[in-house]
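Step one of this worksheet: look at the structure below.
FYI, it's all coordinate maths here, none of it is from the lab. Owing to the predicted nature of the structure, the values given are computational and were not obtained by experimental measurement. Every residue, glycine among them, receives a Cβ derived from its backbone with ideal geometry; neighbour counts consider all protein chains shown.
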Amino acid sequence: MKVKLRNPDRVEEVAGPATVARVLETLGINPETVLVICDGELKTKDAVLADDAEVEVRPVISGGAGPARCHACTRSAVIEIPRNRAAYCAEHFVDHVRGQVREAIDRHRMMSYDDRILVAVSGGKDSLALWDVLLDMGYRADGLYLGLGIGGYSDRSGTIVREFAERRGATLHSVDLAEEYGFDIPQASSLRTRSSCGVCGLSKRYVFNRIAVEHGYDVMATGHNLDDEAATLLGNVLRWQTPFLARQSVALPATEDGMARKVKPLYRLGEREMAAYCVIKGIDYVVEECPMVGGNTVLRYKGALNELERHSPGTKAAFLFGFLDRVQPAHFGEADAEAGELVACSECGMPTSHHGDGPAVCAFCRTRSRLVKVATA
Ligand code: AMP
Ligand code: FES
Ligand code: ZN
Ligand code: ZN
């Protein structure tokens, strides 16, 4: 069939019969932005167009001749956010990111201007952007980088974080897992009880909390974004991991027995938005993924959610925000109380949940002593 397109005027040949939806997809056109007309009649997405049809695809967005316009100032836009049906110029996009962080902080009472905040910064786009936003907003935010010993990947990450801290004149704590605790993440692949990624996650949680508590920070912030949190939620729902659903939160309170308050101020912003923020603000970040991440199930969940999002923008946000605002408090509020009491680990003194008799040793110390044995064997 012949498909007449505008801006600029041109005619494309598309094989038929095919539905309107299929034809638009083939041409890479968002159905929300056009009308499809055949024989003087409007056609809906499911209508089938014959191979010999003559079809017109007419743009309907006002001012739509040419590039998208910023919703705040009508200058030409640099990024579109389909879930908000919005587009922004560079300046107003930065405002949008700050606005979403503001909303997250206020809605969940994450931090105040008096708080001392420790941001865990990996060298990736999310955590560097988070640190940058918090500093721009006037928060007292220091950084923490944990060296995991994953070859060149860790070396490059460390350099990028140090350079960012220097450029912003911000305080950075650096902890090297091997120097401080005697093992690194690649060595963890020798363990049968936990995957390297599992040991990595355990080590991060432990070190982040320990540094925050030891240095008297009020809040510990990480760069988890909307995609991360929605994917984790999907994983937990698919297997009905109720204890994890009870604990999945964007703002966990501090406990008297040594757990710092933990917040995720980027949970309202997608991965793509954080990458765009870094590009716009000229923030250099490590684009490569961790080489040990292969076959990660979270990546599969992200892929599935992105596929749903492509067809109905806003799905991811509705899924996560609905859980946080309605489902979790109503259905999982009690479950957390069952998590058990925290006691001090007999080796490191950090809090751990204790079941049964004998001295309590935290999961990090148990894993560490196994790994140090392997490393020195
Ligand atoms: P990930 O666990 O890699 O998905 O990262 C989640 C968040 O943890 C990041 O946004 C950072 O805030 C933090 N993070 C991850 N890796 C490191 C690291 N090596 N050093 C400091 N913070 C990190
Ligand atoms: Fe933890 Fe890759 S960053 S295993
Ligand atoms: Zn603008
Ligand atoms: Zn311990």
To the nearest 10 degrees, how steeply does helix 90-107 sit against the main Cα axis of the chain, on a 0 to 90 scale? 50 degrees
So what J values fall out for segment 143-155 if you push phi through Karplus, 6.51 cos²θ - 1.76 cosθ + 1.60 with θ = phi - 60°, rounded to Hz, Gly and Pro as x? x, 9, 10, 10, x, 9, x, 8, x, x, 4, 5, 4
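Are there any GluC sites (Glu not before Pro) in segment 266-334 that are in a DSSP loop and have at most 12 other Cβ atoms within 10 Å? List them by number. Intermediate results must be reported in sequence, preceding the final value.
Values: sites: Glu271, Glu273, Glu288, Glu289, Glu307, Glu309, Glu334; in loops: Glu288, Glu289, Glu334.
Those that pass, being in a loop and sparsely packed, are Glu288, Glu289, Glu334.
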If I histogram all Cα-Cα distances within segment 20-62 using bins 5 Å wide from 0, what percent of pairs lands in each bin? 5, 23, 38, 25, 8, 1, 0
With each pseudo-label sitting 7 Å past Cα toward Cβ, what's the Lys45-Val327 distance in nm, one decimal? 2.3 nm
Which part of segment 96-123 falls in the paramagnetic zone of Glu289, meaning amide N under 19 Å from the point 7 Å along Cα-to-beta-carbon? 122-123
Kindly put Arg268, Arg6 in sequence by how many other C-beta atoms sit within 10 Å of each C-beta, fewest to most. Arg6, Arg268
Largest-first principal axis extents, alpha carbons of the chain, Å: 82, 43, 43
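How would Arg194, Arg368, Arg326 line up from fewest to most surrounding beta-carbon atoms within 10 angstrom? Working shown, then result.
On the way: Arg194 16, Arg368 22, Arg326 10.
Ordered from fewest to most neighbouring Cβ atoms within 10 Å, Arg194, Arg368, Arg326 come out as Arg326, Arg194, Arg368.
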Tabulate in residue order the Karplus-calculated ³J(HN,Hα) for segment 15-27, using 6.51 cos²θ - 1.76 cosθ + 1.60 with θ = phi - 60°, rounded to whole Hz; enter x for Gly and Pro. 5, x, x, 7, 6, 4, 4, 5, 4, 5, 5, 4, 8
Non-local residues with an amide H under 5 Å from the amide H of Cys362, with H modelled 1.01 Å from N and Pro and chain starts lacking one, are Ser346, Glu347, Cys348
Going by alpha carbons, how many degrees (0 to 90, nearest 10) lie between the helix axis of 196-214 and the longest principal axis of the chain? 70 degrees
What's the angle, to the nearest 10 degrees (0 to 90), between helix 226-238's Cα axis and the longest principal axis of the chain? 80 degrees
Using only Cα atoms, locate the centre of segment 162-198 and the centre of segment 1-52, then give the distance between them in Å, rounded to an integer. 53 Å
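So for the chain: antiparallel DSSP bridges make up what percent, rounded to the nearest 5?
Working: 23 of 43 bridges.
Roughly 55 percent of the beta bridges in the chain run antiparallel, per DSSP.
Could you list, in their original order, any pairs among Lys262/Lys302; Lys125/Lys316; Lys4/Lys45; Lys4/Lys302; Lys45/Lys125; Lys302/Lys373 whose Cα atoms are separated by more than 27 Å? Display every interim value, and only then the final one.
Values: Lys262/Lys302 23 Å; Lys125/Lys316 20 Å; Lys4/Lys45 17 Å; Lys4/Lys302 36 Å; Lys45/Lys125 37 Å; Lys302/Lys373 37 Å.
Over 27 Å apart, Cα to Cα: Lys4/Lys302; Lys45/Lys125; Lys302/Lys373.
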With labels modelled as points extended 7 Å from the Cα through the Cβ direction, what inter-label distance (nm, one decimal) is found for Arg239 paired with Asp115? 3.0 nm
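List Lys4, Lys125 from most exposed to least, where exposure is judged by having the fewest other Cβ atoms within 10 Å.
Numbers: Lys4 14, Lys125 23.
By the 10 Å Cβ count, ascending: Lys4, Lys125.
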Under the 7 Å Cα-to-Cβ spin-label approximation, Met137 and Arg156 lie apart by a distance in nanometres of 3.0 nm
A convex hull over the alpha carbons of segment 240-374 yields, per residue, a volume in Å³ of 193 Å³
